[in-house]
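The values are calculated or read from the model by the stated rules, or taken from the named source; none is laboratory data. Here the structure is a predicted model, which is why all the values come from computation and not from measurement. Methodologically, a virtual Cβ is constructed for each residue, glycine included, from the backbone with ideal geometry; neighbour enumeration extends over all protein chains shown.
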Protein chains: 2
Amino acid sequence: MSEKKKIYKPKPVSGFPEWLPEYRAVEQRWLDKIRAVFESYGYCSIETPAVEELEVIAAKGEDVDKEIYVLERLQADPDEKKDARLALHFDQTVPLARYVAQHFADLTFPFKRYQMQKVWRGERPQMGRMREFTQCDIDVINVDSLPLHFDAEVAAICYEALAAMDMGRVQLRVSNRKILLGLLENIGVKNPAEILRLIDKMDKIGLLEFKVQLEGTTEKEVKNAIIQFVELSNAVKENPSNASGLLRDFIARNDVIARSGSDAAIQMMNEGIEELDFVLKQLEHLGDGVVADLSIVRGLDYYTGTVYETQLLDVPEFVGSVCSGGRYDDLAGSYINKHLPGVGISIGFTRLFDVLRQAGKIEPGPKSPADVLVVLPSEERRDEAAQAARTLRERGMKVELYHAPQKVGKQISYAEKKGIPYVWFPPFEDGLAHEVKNMSTGEQTEASPNDWTI
Amino acid sequence: MSEKKKIYKPKPVSGFPEWLPEYRAVEQRWLDKIRAVFESYGYCSIETPAVEELEVIAAKGEDVDKEIYVLERLQADPDEKKDARLALHFDQTVPLARYVAQHFADLTFPFKRYQMQKVWRGERPQMGRMREFTQCDIDVINVDSLPLHFDAEVAAICYEALAAMDMGRVQLRVSNRKILLGLLENIGVKNPAEILRLIDKMDKIGLLEFKVQLEGTTEKEVKNAIIQFVELSNAVKENPSNASGLLRDFIARNDVIARSGSDAAIQMMNEGIEELDFVLKQLEHLGDGVVADLSIVRGLDYYTGTVYETQLLDVPEFVGSVCSGGRYDDLAGSYINKHLPGVGISIGFTRLFDVLRQAGKIEPGPKSPADVLVVLPSEERRDEAAQAARTLRERGMKVELYHAPQKVGKQISYAEKKGIPYVWFPPFEDGLAHEVKNMSTGEQTEASPNDWTI
């Protein structure tokens, strides 16, 4: 016994979640489903190290800021030549870019990969913000140009992956940034970043407040065009199947666009509309599961075409987008002199799981993966019990063999506590048969380990 | 194009391995197999965060040394109250101990868990030594006492897990530390640590060199008893099925043991023999796959009974034990005032995988998980091709739909490059049937997406 020992009572580390076995079982089942959907479209798995060189992250032009964790050896070895500084990755995009650049010659393009790993961000932990969390990402990268085919494919995959978990209705919202960027250029907006930020907030603040905040940011005519676009975006939400019709109509009839504007800007808008149209058409089989939503902005510079967000319609507890992404022009230009456009989506898995868990919307799984508990009748009958367990296992079942010849009631109650659905009784005396008890019905029948099935 | 951009050419980070997709596919298949074996015995999965508080690691009495990586925020937030220092875990035993102590009230005992995660050690990288690697651990923990049943069970599980990968013959070697510790106490060895270290090296240095190095470490009589034990240990290797007979004989006939020695020490040896006997008997069904090996030492203090090592008999490239462990008296005494004995084994997965890969003993997998590539005949026939792909997917197949209506030869060669075993041709004209080509036989036949099977 350790009564004299000093005890350090451990406490949860804020922002680093971990689950009890019954929730881990659900998490694992969901991750398996996501993986199965990713693979059903032929995306291959990669894993990258937890760390990247700090220089790699800096080269990508990311904000190398206070969210990044760098590694320090607790006691540095003075004899060792100074290694590069290593930082934990904070997403899977920088690692993907570095991986593609580094292994370029060994990859087959279009490179379709998925990646399901933990990432780390030294944020101040708060509800729904974590310092360690799992992301499930898929991306396709190609050399020089990437068919629009993939803009639809990654959307379908993420929709299916989310639908595979039991969270009610999923709605994937798609837009194309060329439309909004073309518009802002066309109508001569001088401060597009500010306007984009405002449009991004639209859903939260509502149209009235949007108009108030827009006041004074830009000149009147431009302002009106933006308000008309936002109204159009609402109209598209009402009637998503006619998105491109409404858009073309808007361009043709809008005063400001007609008067001002370069051909290039109008060309950009039209490209955006055509691309959005193509993507929506490929996703028609998903019905209401996929809609156009022109108010999607997704950050300021990264995405250049299709953009996605996803809403869980039956989970009001989940604020924001559970799965987002888009098309980008150049994945790895910081690391290799190749033009590598891509498109990808990322599921913020851990936040999703935790919100649902805290909302009581996840039914905990069993505490044991076993299908069957084999009872140990007595020390003398250990061989027979062990043999029954082995036979059932060889036939594909998951089987616990009870660890000591305790009272049968105690053994059965162990199965109950662990959520094991069947209890197997090897013969307690010579000449008797094996029996198996269904724990949910209470029914007990004779059975043979050689041919019994669940 | 990014020709004017500054390029930072990334290089591999020493000690942090990553694989190309075709090797990752194999790694994943192997990890799936290990997991399936662990679960087939009813062990549940847990995952713990990548980090522990440094104080947790220090409390466990581990050497908090230069191998440990601590996290530092790149830019600390001066307003934030000082958080605890966090360190990346360097094994899965400290996290398990902390987890069991922290969640004690919510766990069902015996607690049978497996854990397959990455761990980090800031070692100087060298052949076979990594700074990041995956371990696959199983352990059983119980309150106050733990049946010997589990000493056999975890051995069987690890044997099966290793045998599930195709690496030729696996040999699990078992001993019980009580035998050797009892002997050393019995014959009055004053420097057991030194002697244990020497016995541990026996396999490498051979009996002759062992005798030379033993010279001068201890008095003559004691030395003779140790040499006799080492000779006995070799005899047991020759005739492992009679381990306990040889041992009992040794104790009964040994001069030094007979003359010197406390009853307690002899009692300890006998206990060790009985325990070893029980474990070996439970593993008889594995034949030569499990043998007694009295020379196994496994460190100095941690293990208190059964100890395991595992050799790959057909992989001479792999030096040392691929999978080791044993029984310990008290898992979490540093964190909770409970007596929690346990037994566990750990597979050093990444080193194993890397050694086999470098030795050319791993056949790379395909670059795509897809079973079928559906050809895209033309833009006009996209819907039909997409529908065929969806139907095959719904029927459980993994399917890539080719991304552009390029020449058929180009599409087929993509399937070849990615290792996709079947190519599907939707009708190229109205009235034609679907066809499917087996890429390994070249055979091409008519088929329907609704009932074709691989």
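Structure summary
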| item | result |
| --- | --- |
| Verdict on A:SER413 being under 21 Å from A:GLU379 (Cα atoms), out of contact with any helix residue (DSSP H, G or I) (no Cβ under 6 Å at 6 or more places or on another chain) and among the small types (Gly, Ala, Ser) | yes |
| Residue in the range A:128-145 that is surrounded by fewer than 21 Cβ atoms within 10 Å (Cβ to Cβ) and without any contact (Cβ under 8 Å) to a residue 24 or more places away in the chain present | no |
| Matching residues, the range B:97-130, being under 16 Å from the mean Cα position of the chain (by Cα) and at pLDDT 95 or above | B:ARG113, B:TYR114, B:GLN115, B:MET116, B:GLN117, B:LYS118, B:VAL119, B:TRP120 |
| The range B:208-259, residues that are under 17 Å from B:GLY182 (Cβ atoms), touching a residue at least 40 places away in the same chain (Cβ under 8 Å) and of a type in the set (Lys, Arg) | none |
| Pair list, Cβ < 9 Å and 6+ apart or interchain, from the range B:431-445 residues that are exposed (fewer than 11 other Cβ atoms within 10 Å of the Cβ) to residues that are part of a loop (DSSP other than H, G, I, E, B) | B:SER440/B:PRO421 |
| Cβ-Cβ under 7 Å pairs, at least 6 apart or on other chains, the range A:46-65 side facing chain B (nearest Cβ under 7 Å) and modelled with pLDDT of 95 or more, far side part of a helix (DSSP H, G or I) and surrounded by fewer than 23 Cβ atoms within 10 Å (Cβ to Cβ) | A:ILE46/B:ARG24; A:GLU47/B:ARG24 |
| Lone qualifier among A:PRO369, A:PRO449, A:PRO427 - being farther than 30 Å from A:GLY326 by Cβ, away from every other protein chain (no Cβ under 14 Å), at pLDDT 95 or above and crowded, with 21+ Cβ neighbours inside 10 Å | A:PRO449 |
| Considering residues of the range B:386-416 that are among the basic types (Lys, Arg), in a loop (DSSP other than H, G, I, E, B) and within 40 Å of the chain's Cα centre (by Cα) only, the residue surrounded by the most Cβ atoms within 10 Å (Cβ to Cβ) | B:LYS398 |
| Restricting the range B:19-36 to residues that are in contact with a helix residue (DSSP H, G or I) (Cβ under 7 Å, 6 or more places away or on another chain) and facing chain A (nearest Cβ under 9 Å), the residue that is surrounded by the fewest Cβ atoms within 10 Å (Cβ to Cβ) | B:LEU20 |
| Subset of the range A:339-385 that is of a type in the set (Ser, Thr, Tyr) and not in a helix (DSSP H, G or I) - its residue that is nearest to A:ARG24 (Cα to Cα) | A:SER368 |
| Which listed residue is farther than 30 Å from B:LEU376 by Cα, among the polar types (S, T, N, Q) and at pLDDT 85 or above, from A:GLN213, A:GLN282, A:GLN267 | A:GLN213 |
| Members of the range B:243-271 that are closer than 18 Å to B:ILE226 by Cβ and touching a Leu at 6+ places or on another chain (Cβ under 8 Å) | B:LEU246, B:LEU247, B:PHE250, B:ILE257, B:ALA265, B:MET268, B:MET269 |
| Residues within the range A:278-310 that are in a helix (DSSP H, G or I), of a type in the set (D, E, K, R) and either in the same structural domain as A:GLY326 (by TED's automatic domain parsing) or buried (at least 17 other Cβ atoms within 10 Å of the Cβ) (or both), tallied | 0 |
| Residue tally, condition more than 10 Å from chain A (Cβ to nearest Cβ) and over 24 Å from B:TRP452 (Cα atoms), over the range B:381-407 | 1 |
| Long-range neighbours under 7 Å by Cβ, at least six apart or interchain, first residue closer than 13 Å to A:LEU352 by Cβ within the range A:154-173, second part of a helix (DSSP H, G or I) and among the hydroxyl-bearing types (Ser, Thr, Tyr) | A:VAL170/A:TYR159 |
